[in-house]
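Each remark here refers to the structure printed beneath this line.
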Amino acid sequence: MALLVLAIFMLAMTGRASCTWCVCKEMSDSVLQQTLDYACGAGADCGPVHQNGPCFQPNTVRAHCNYAVNSYFQRKGQAQGTCDFKGTATVSASDPSINGCSYPSSVR
């Protein structure tokens with residue numbers, strides 16, 4: 001019985017550890033703005049980063065870029081290559097959600 005409980009616990013922990021997000025790298029605002037524009041124009045849900053949206057704050061190019069590339073990555077099913085954006089973004093195992101803005105970790 002203890003072995004069964006341990007196995008279920010390990011499966012549950014594995015499921016949590018497999019969450020991934022896409023975030024922008026530390027780069028200039030002009031480069032990140034191009035990435036943000038591309039992601040929003042190519043299918044990301046960028047509504048939450050618009051003014052008065054739940055993810056508008058912090059109102060920085062990098063924060064908005066993070067949300068946009070992650071939305072694109074999740075909408076593309078986390079397919080390989082969908083979190084590169086010409087080297088401006090990377091996959092992360094750390095949840096970037098902040099201040100009431102929840103970043104999805106799967107397709108919604």
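The values are calculated or read from the model by the stated rules, or taken from the named source; none is laboratory data. A quick note: this is a predicted structure, and the numbers were derived from the prediction, not measured. Surface accessibility is based on the protein's heavy atoms, side chains included, excluding ligands, DNA and RNA. Shrake-Rupley method; radii C 1.70, N 1.55, O 1.52, S 1.80 Å.
Miscellaneous remarks
- Carbon/sulfur fraction of accessible area - segment 53-101, other protein chains in place, 1.4 Å, %: 47
- Tyr38 sits with roughly 130 Å² accessible to a 1.4 Å probe, with DNA, RNA and ligands left out of the calculation.
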